[in-house]
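Here the structure is laid out as structure tokens; the discussion comes afterwards.
The values are calculated or read from the model by the stated rules, or taken from the named source; none is laboratory data. Just so you know, these numbers come straight off a predicted model, no measurement behind them. Reconstructed Cβ throughout: ideal geometry from the backbone, glycine too, with neighbour counts over all protein chains shown. Accessible surface areas use protein heavy atoms only, side chains included; no ligands, DNA or RNA. Shrake-Rupley method; radii C 1.70, N 1.55, O 1.52, S 1.80 Å.
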Amino acid sequence: MPVLTHIEQLATCPPENPQSDAGLISDAAIAWTGDTIRWVGRRNQLPAEFNDETQIDGKGRLVIPGLIDCHTHLCFGGWRGDEFDLRISGASYQEIAAAGGGIASTVSATRAAEAESLLDKAGDALDRMLSLGVTSVECKSGYGLDEVNELKQLSVYQQLDSIHVIDLFPTFLGAHIVPPEYSSDRDRYIRLICEKLIPVIANQGLARFCDVFVEQGAYTVDEGRQILMAASEHGLQLKVHADQLSDGGGALLAAEVGAVSAEHLEYISAEGIEALSKSGTVAVSLPLASLYLAEPYLPARKLLDAGIAVAVATDFNPGSAPSYHLPLALTLACLNQRMTPQEALNGATTVAARAVSAQHRIGSLTPGFRADLAIINAPSLNQWLYHFVPNACTGVIKNGEWVVNMHDA
Ligand SMILES: [Zn+2]
């Protein structure tokens, strides 16, 4: 039974705490057996039974739960570096999309890519995320937008989940945009999603969640409702890309259908906030997308004050958030969403676990939870999120085993 001791600050992130309280323990130790945590507390209170166990020196560092990135578009073909220049020169996200760029160009590149190359590329991103302390990742389809290619993306996730140490939570996002070949008959594509793709994906266990992008240029509230209802009938849990570029009623829809999460919400209305506070839906904030699009940030204080749990994720994708750096997203959440470091960390651990319906097993360092933890070369949570460095993580333990160990370097 390994014991990690001499921890300057341990963030336990218990699910029952308010989001403002990350359960910080100073001068701490943590013990686990196999993949499960057995004991956490102050080092000088370590029970005698643990004294003879293998002790790992925490070297006075910060230890946090393995981070959970609860919103990514991990698998995609190509990049969109050429649009970066256009956007900086003043073209809007919607203008670029109308000119054939944006999501549609990634759809072409993803359709053209072999599954094997998509797997290599996504696996490489996962390796890098792991090195930052990320141990669980939600990942969406939505760049295939036809039967063959949506299933190709989801199969890549299934394979990656079996070979990569990071745990994946796949989401079917067939309703990302309407594919160009259906632009004059969008109902036909929605029927394909509802009558063919959702049943196949649910039967094969290729996704746990179904997500819909409700936005001008994507799907209407009524279309979103139709798709989410079909997904729910097949046992998928629901997510909504809501109110990202305008107040399009997405948050209201998420509350109405009992979605586990509503994601983006940069333009959420007062009615949307009230509805989410009643439905218990987690709000997923994506500060890297706001940074890259020069759009407003999610008004986190209003949501937190209304009792809504606010997760923080990267939105890693080739257009609006081409970065998987979750610690950077946390620092941005502090600076631009006015979340405290403890609120931000809970947002990428126990609250993020709620957004993937896994809050009883991951995202917290308390007895009975999975031994997924990251060692951060900083003496405290405040110091880590304030003093941004490329990578402060020096060690990752996943399912009780070292998977990244630069702790002695
Ligand atoms: Zn997204």
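Once you divide the Cα radius of gyration of the chain by 2.2 N^0.38 Å, the number left is 0.96.
Here's how it looks for His6: its modeled amide H is under 5 Å from those of Gly58, which are all 5 or more places away or on a different chain.
By the helix-only formula, in which each DSSP H run with n ≥ 4 contributes -39500 (n - 2.57) and the sum is divided by residues, the chain has a 222 nm mean residue ellipticity of -10000 deg cm²/dmol.
Within the listed set Ile268, Ile163, Ile25, the residue fluctuating most in the Gaussian network model of the chain (springs between alpha-carbon atoms under 10 angstrom) is Ile163. Which residue fluctuates most in the GNM of the chain (Cα springs below 10 Å): Glu150, Glu215, Glu116? The residue with the greatest mean-square fluctuation here is Glu116.
Summing Cβ point charges (Lys, Arg +1; Asp, Glu -1) relative to the Cα centre of the range 40-119 gives a dipole of roughly 300 debye.
Within the accessible area of the chain, the carbon and sulfur atoms contribute 49%, probe 1.4 Å, all protein chains present.
In the chain, taking the dipole from charged Cβ atoms about the Cα centre, the farthest positive-side position among Gln159, Leu10, Val178 is held by Leu10.
Of all stretches in the chain that contain no trypsin sites (Lys or Arg not before Pro) in a DSSP loop with at most 16 other Cβ atoms within 10 Å, the longest one is 1-337. Cross-link pairs exceeding 25 Å in C-alpha to C-alpha distance, out of Lys152/Lys196; Lys152/Lys239; Lys196/Lys398; Lys121/Lys196; Lys278/Lys398, comprise Lys196/Lys398; Lys121/Lys196; Lys278/Lys398.
Gap in Å between the Cα centre of the range 84-123 and the Cα centre of the range 239-310? Spelled out, the Cα-based centre of one part sits 25 Å from the other. GNM on the chain, C-alpha springs below 10 Å: top fluctuator among Ala309, Ala230, Ala353? Most flexible of the set in this elastic network: Ala230. Three principal axis extents describe the C-alpha atoms of the range 124-264; from largest down they are 41, 30, 27 Å.
Measuring from centroid to centroid over Cα atoms, what is the spacing of the range 344-409 and the range 135-208 in Å? Taking the Cα centre of the range 135-208 as reference, the centre of the range 344-409 is 29 Å away. The H on the amide N of Ser261, modeled in the peptide plane, is under 5 Å from the matching H of Val240, Val282, each at least 5 residues off or on a different chain. Along the range 105-121 the Karplus relation, 6.51 cos²θ - 1.76 cosθ + 1.60 evaluated at θ = phi - 60°, assigns HN-Hα couplings of 6, 5, 4, 4, 5, 6, 4, 6, 7, 6, 4, 5, 6, 5, 5, 4, 5 Hz to successive residues, with x for each Gly and Pro. The mean accessible area for residues of the range 67-355, using a 1.4 Å probe and ignoring ligands and nucleic acids, is 35 Å² per residue. Looking at the range 1-90 alone, DSSP beta bridges between its own residues are antiparallel in about 65 percent of cases.
Net charge of the neighbourhood of Ala28, taken over other residues with C-beta under 10 Å away and scored Lys/Arg +1, Asp/Glu -1, is 0.
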